[in-house]
Amino acid sequence: MGASKRYPRVLAPTLAERTDPIALEAAVWKQPVYAGKNEPVPLNRHYLALFFAKVEVDASGCWVWRASRTNQHYGCFIGESAHRTAHRWFVGPIPSGWQVDHQCRNTWCVNPVHLEAVTCTTNHRRGHDATGTCRKGHPWVPENIRLVNGRKSRMCVICYRDLQRRKDAKRRAKVLSHANQ
C-alpha cells in the first residue's frame with residue numbers, strides 16, 4: 001500500500017526512538033495524523049500525551065502501564081488494551097486474529113520493542129515455555145506432553161489423567177443415582 005496525498009506513508013521509528021520514550025514522542029510529533037479504513041489507530045498529540053502520562057520506565061526497560069488495568073492484568077487505554085495500542089502506533093498493524101505477545105513476560109509492559117504480533121498458538125506456547133510447567137505445576141517434558149486438536153496445542157498428561165478420572169467419577173455417580181431411583 002503506497003503513500004498518497006491524503007494518507008502519507010508513516011515512517012517507522014528507529015530502534016533508538018523505540019527504546020527511549022522521549023525520543024519516540026519527538027519522532028511521533030513529526031508524523032502525519034491520519035485516519036482511514038484499515039489504517040492504524042490515529043496518532044495525535046493529545047492521545048500520545050495521555051498515553052505517556054500513564055507509562056513509567058523501569059530498570060528492565062519495560063514501559064510499565066500505571067493506569068487502569070483489566071482483571072487479566074493488561075492495561076486499558078481508550079477502550080482497547082494498552083499494549084495493542086502501543087503495537088499499532090509504534091510497530092504496525094496487528095493481523096486479524098493475532099495476539100500481541102509480551103516477550104518480556106510482563107503483561108503491564110507497553111514498550112514496543114518488547115511486543116510482537118503472533119498467532120494464538122505461538123503466544124500460548126511461549127507463555128508455557130517461559131514457566132516450564134503447566135498450570136498445576138507439572139513439568140513440560142516430552143513424556144508429559146499430549147498433543148491435541150490436530151497437534152496444534154498440547155496438554156499435560158498428568159492433568160489430562162486427573163480430568164478423565166473426575167469425568168469418570170461424575171459419570172459413575174450419575175449412573176448410580178439413576179439406578180437408585
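Here, each number is a calculation from the coordinates, and none is a lab measurement. Nothing here was measured: the structure is a model prediction, and the numbers come from that model. Neighbour counts run over all protein chains shown; Cβ positions are idealised from the backbone, glycine included.
Per residue of segment 95-100, what does 6.51 cos²θ - 1.76 cosθ + 1.60 with θ = phi - 60° give for ³J(HN,Hα)? Whole Hz please, x for Gly and Pro, Karplus curve as stated.
x, 4, x, 8, 10, 9
Quick one: which residues, 5 or more positions from A117 or on another chain, have an amide H under 5 Å from its amide H? H modelled 1.01 Å from N in the peptide plane, none for Pro or chain starts.
Answer set, sorted by chain and number: D101.
Sequence-distant or interchain residues sharing an amide H contact under 5 Å with R154, placed H: which?
V148
Given the peptides 104-114, 71-81, arrange them by the average over their residues of other C-beta atoms within 10 Å, most packed first.
104-114, 71-81
Ranking R66, R88 by Cβ neighbours within 10 Å, fewest first, what do you get?
Sorted ascending by nearby Cβ count, the order is R66, R88.
First measure r as the distance between the Cβ atoms of D162 and T122, then evaluate 1/(1 + (r/R0)^6) with R0 = 25 Å and state the FRET efficiency to the nearest 0.05.
0.40
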